[in-house]
Structure formats: structure tokens, C-alpha cells
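*Asks:* Shown below is the structure under consideration.
Throughout, read-outs are computed from the coordinates displayed, never taken from laboratory work. If you're wondering where the values come from, they're calculated on a predicted model, not measured in any experiment. Cβ placement follows ideal geometry from the backbone for every residue including glycine, while neighbour counts extend to all protein chains displayed.
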Amino acid sequence: MDPGSAVPMSNRRDPVCGMTGTLERHGHWFCSERCIAAYERRAQTAPRRRWRLLDPWVWVPVSAVLLATADTWWPGAAGMSASYRAYLRKVFVPFVIGLVLGGLIDHFVPREYIIKLLSGPRKRVIARATVLGFLASTCSHGCLALSIELYRKGASTPAVVSFLLASPWASMSLTLMLLSLFGLSGLVIVGGALAIAFLTGLIFQRLDRRGLIESNHPAVPLQAGFSIGQDVARRWRGYRFSRQQLRQDLRGVIAGMVPLGRMVIGWVQLGLALSAILGSAVPHHVFERFLGPTAGGLLLTLAAAAVIEVCSEGTAPLAYELYRHTGALGNAFAFLMGGVITDFTELAALWVNIGRRTVLWILLVTLPLVIGLGLVLNLVRG
């Protein structure tokens with residue numbers, strides 16, 4: 001007889017999500033392996049994180065106050081300070097909304113669902129990977145770690161590539177930020193990014209079938225016959241609306257927001273600071289001469305994106321500053337898209353964890369797509 005069968009179902013409450021548990025570990029009942037892993041992580045990190053000066057949640061607010069008020073204690077910084085405040089007003093609310101959405105996804109969407117949706121050779125897998133990358137709401141560096149983890153758990157290489165390209169290029173948080181900066185033109189950038197992510201995934205499926213990239217066909221660690229619909233129904237039946245449960249959910253959402261913010265907020269601040277400095281210190285004609293809506297200007301913009309080590313959300317204000325001075329939407333698009341496909345750190349991580357052929361084909365496939373679409377956008381906008 002199962003020793004746990006004598007325990008009433010009402011007492012099998014998952015300490016992580018609050019739903020009815022079916023797996024007994026560590027003296028508690030859990031609804032899934034995901035909640036068990038989350039409980040173990042919390043136990044390992046029980047001592048509270050010390051808020052040190054190097055923590056982005058500490059130095060970013062301090063530096064933001066200093067930059068926003070620089071004109072009060074340094075008259076020469078009036079232009080830079082005014083530019084910084086203008087950018088901060090544009091991106092603050094969209095960025096917070098993006099963090100909240102990311103926390104909701106992290107808390108309420110089990111990782112098993114993502115793994116289930118990203119395995120298989122069909123075209124719809126690439127469509128799912130692109131959509132899930134968009135919903136991931138994480139920067140390029142966070143998306144890289146998640147993509148490699150999905151690869152290790154059995155997601156196909158083409159799906160991982162589409163997910164990797166879609167998440168930082170057209171994430172939910174970046175979409176809101178782009179709309180606040182570019183207006184409706186931001187939708188053109190997001191749509192172009194999603195199209196490139198999807199098309200690249202389809203091309204990689206062909207490369208995978210021909211053995212030209214590293215294949216990934218291990219068994220995905222899911223229970224046999226696992227169904228997302230059935231699991232959602234089971235979780236919904238086990239969910240109990242109460243103040244205690246709402247408090248637990250709120251803590252869970254915040255627990256997802258804090259590390260996501262820590263991963264992104266520093267890069268956003270760096271992008272805002274650089275944009276404010278460029279906007280006030282670099283003459284308008286310099287942008288027009290070297291980074292204008294020409295083929296040469298587009299290539300120089302892409303080269304700059306490879307050199308500047310800033311997360312995707314951090315490049316948004318820089319791209320807008322470029323667009324504001326030159327009117328070259330294609331160059332702004334190329335600057336945003338160049339972060340993943342030309343970033344040396346991320347390419348090196350992919351080289352080690354997935355393989356050199358995948359990295360080489362990412363460059364060969366995506367660079368021409370980005371350059372081509374950038375030229376088209378410059379022609380249309382011109």
C-alpha cells in the first residue's frame with residue numbers, strides 16, 4: 001500500500017505553488033518536478049542575498065538619480081541630464097510592465113510546457129519557438145542561458161535557434177519599450193525580428209535534415225503521455241483562491257521579477273546613459289555622414305553593434321538615438337538585431353555548448369537576412 005495514500009488530498013498542498021501535490025519529497029507534497037526543483041533552490045539559497053553596491057538593484061537607482069540631477073551640481077551636464085530624463089520617462093513604465101509579465105510567465109508557466117512545445121521536426125515547432133521566445137521577456141544574455149538549457153533537455157537545434165533569436169530581438173518587454181520610443185515603427189522592427197527568427201528556424205530544419213548542423217535528439221525528460229491540456233486542467237482543479245495563496249503567488253511573481261531585473265536593468269541603464277551622452281555630445285552631422293541610410297552606413301551600424309556589449313533592452317535607446325539623428329529605420333533595425341548574431345560572448349557560448357557548425361550557420365543565414373531587410377526598410381522610409 002502506498003504510505004502516502006492515507007494522507008488526505010486536502011493536506012497535500014504544494015509549498016511552492018499551493019496546488020494539490022502528487023509527488024512526496026523533503027517531507028512535502030509537490031505537483032511537479034518543477035516545483036520540487038524550485039523548493040530545492042530556495043533551500044540552498046535560504047540566507048538572504050546581501051544588497052551589495054555591485055548589485056544592479058543598488059547601483060542602477062543610485063546612478064539614475066545622479067544622472068537625472070547632474071545639471072544641478074554640474075552645469076556643463078545640462079544637455080546630457082535633460083536627455084537622460086527624457087529617455088527615462090519613455091522607457092520606465094514599459095520596462096516595469098515587461099518585468100511584471102516576465103515574473104508572471106516565470107511563476108505560472110511550468111518549464112515542462114516549453115520543453116514539450118519545442119521538441120520535434122515539424123514547422124509548427126519553429127512557430128511555437130518563435131512565439132515562446134517573444135513571450136520569454138528576457139534579454140539576450142538570459143535567453144542564451146535558457147536556450148542552452150532547453151537544448152540540453154532535448155529541444156531541437158532549429159527550435160533553440162528560433163527561440164534564441166526571437167527572445168531578445170522581439171521580447172514582450174522590448175516590444176513595449178520600442179513602441180514607446182519609435183511609435184508604430186516599433187511594430188515594423190518587432191515584426192521583422194519575428195519573421196527572421198521564424199525563417200531562420202525553417203532554414204535550420206533543412207540544415208538539420210542534411211546533417212549540416214549539430215543535431216539534438218535525446219529523449220526529453222517528460223512523463224510518458226504528458227499533456228499540457230490535462231496538466232492545466234489538473235492544476236486548475238487543485239488551485240484554491242485564498243489570501244494565503246494570493247500572497248504566495250505574489251511572492252512567486254516577485255521572485256521571478258527580481259532576478260530578471262537584475263539580469264537586465266544594468267544593461268538598460270548603460271544604454272540610457274550612452275544614449276544621453278551621444279545625443280548631447282555627438283554632432284548631428286556625424287550620425288548623418290557615417291551612419292546614414294546607405295549600404296555603407298548600414299554595415300558600419302552592424303559593426304558597431306558587434307563591438308558594443310549591451311543587452312537587447314539596453315540597445316533600444318541607442319537604436320532610437322541613431323534613428324532620431326539619421327531617419328534610417330533599417331540601420332536602427334540592424335543595430336538591434338546585431339546583438340545576438342555578432343556578439344562574441346554569446347557566439348562563443350553557443351560554440352562550446354551546441355557546436356561550431358551551428359554558430360557558423362547562424363552567421364551565414366541571419367546576417368544576410370538582417371542586412372537585406374535593413375536595406376529594404378531604408379529604401380521604404382526614404
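*Asks:* Tell me, what HN-Hα J-couplings in whole Hz come from the Karplus equation 6.51 cos²θ - 1.76 cosθ + 1.60 at θ = phi - 60° for each residue of the stretch 228-233, using x for Gly and Pro?
*Replies:* Computed from phi, the couplings for the stretch 228-233 are 5, x, 5, 5, 4, 5 Hz.
*Asks:* Quick one: order ASP14, ASP231 by neighbouring beta-carbon count within 10 Å, fewest to most.
*Replies:* Taking fewest neighbouring Cβ atoms as first place, the list is ASP231, ASP14.
*Asks:* Moving on. Quick check on the exposure proxy: order MET80, MET177 from fewest to most C-beta atoms within 10 angstrom.
*Replies:* MET80, MET177
*Asks:* Further question: Using a Förster distance of 25 angstrom, determine the FRET efficiency expected from the C-beta separation of THR22 and TYR113, and round it to 0.05.
*Replies:* For R0 = 25 Å, the calculated efficiency reads 0.90.
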